[in-house]
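J.: Quick one: this structure, given as structure tokens, is what I'll be asking you about.
The values are calculated or read from the model by the stated rules, or taken from the named source; none is laboratory data. Predicted model only: the values in this text are computed from it and were never measured. Here the Cβ is made from the backbone with ideal geometry for all residues, glycine too, and neighbour counts use every protein chain on show. Surface accessibility is based on the protein's heavy atoms, side chains included, excluding ligands, DNA and RNA. Shrake-Rupley method; radii C 1.70, N 1.55, O 1.52, S 1.80 Å.
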Amino acid sequence: MAGSHRVELRLGGFKPWVSDVQVQANEPLRLGPVRLGVPDGRLAVRSSPAGANVTVGGAYRGRTPLEIDVRPDVPLVVGVLREGYEPARRELDVAPGERAVAEFTLEPISAR
């Protein structure tokens with residue numbers, strides 16, 4: 001059918017490829033080559049106490065508890081910061097399509 005159509009290609013273990021294509025009646029349309037990317041990793045960040053600000057690679061991403069998509073197989077520096085507590089950081093990486101959990105127990109800042 002002529003018009004604009006959405007095309008989606010899926011293969012297990014890869015990110016889906018999605019594109020809008022313009023189709024003309026009785027005209028063959030060639031797509032490709034198409035490269036499917038590796039899926040994102042999923043990172044869950046938890047802290048005790050909860051409500052800490054979370055940064056990944058220096059960019060603010062939200063507050064704990066938090067679950068976000070991240071680039072796979074790239075070293076990530078995860079930081080958590082909450083007023084009245086010592087900041088904490090950890091370096092980790094998440095495999096494609098995998099879920100990792102980073103748990104932090106924050107230490108109160110003591111008066112000196």
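J.: How many of the residues making up the range 1-53 are β-branched (Val, Ile, Thr) and farther than 27 Å from Val74 by Cβ?
T.: Summing the residues that are β-branched (Val, Ile, Thr) and farther than 27 Å from Val74 by Cβ in the range 1-53 gives 3.
J.: If you don't mind, another one. Would you point out the residue of the range 55-80, among those that are in a loop (DSSP other than H, G, I, E, B) and open to solvent by 80 Å² or more (accessible area, probe 1.4 Å), that is farthest from Val45 (Cα to Cα)?
T.: My answer is Asp73.
J.: Right, next: Give me the pairs, please: first residue somewhere in the range 61-80 and within 11 Å of Ala102 (Cβ to Cβ), second residue anywhere and outside any strand (DSSP E or B) and open to solvent by less than 40 Å² (accessible area, probe 1.4 Å), beta-carbon distance under 6 Å, and either six or more positions apart or on two chains.
T.: Sorted first by the residue in the range 61-80, then by its partner, the pairs are Thr64/Ala52; Val70/Val94; Val80/Ala52.
J.: Restricting the search to the range 45-54, which residues are open to solvent by 50 Å² or more (accessible area, probe 1.4 Å) and at positive phi?
T.: Result: no residue meets the conditions.
J.: May I pose another question? Filter the range 1-44 down to residues that are assigned to a strand (DSSP E or B) and in contact with a Pro (Cβ under 8 Å, 6 or more places away or on another chain) and give me whichever is surrounded by the fewest Cβ atoms within 10 Å (Cβ to Cβ).
T.: Taking the candidates together, the pick is Glu8.
J.: Next question, about the same structure. Being aliphatic (A, V, I, L, M), open to solvent by less than 80 Å² (accessible area, probe 1.4 Å), closer than 25 Å to Asp40 by Cβ and part of a loop (DSSP other than H, G, I, E, B) is true for just one of Ala102, Ala95. Which residue is that?
T.: Numbers: Ala102 fails: part of a loop (DSSP other than H, G, I, E, B).
Going through Ala102, Ala95 in turn, the sole match is Ala95.
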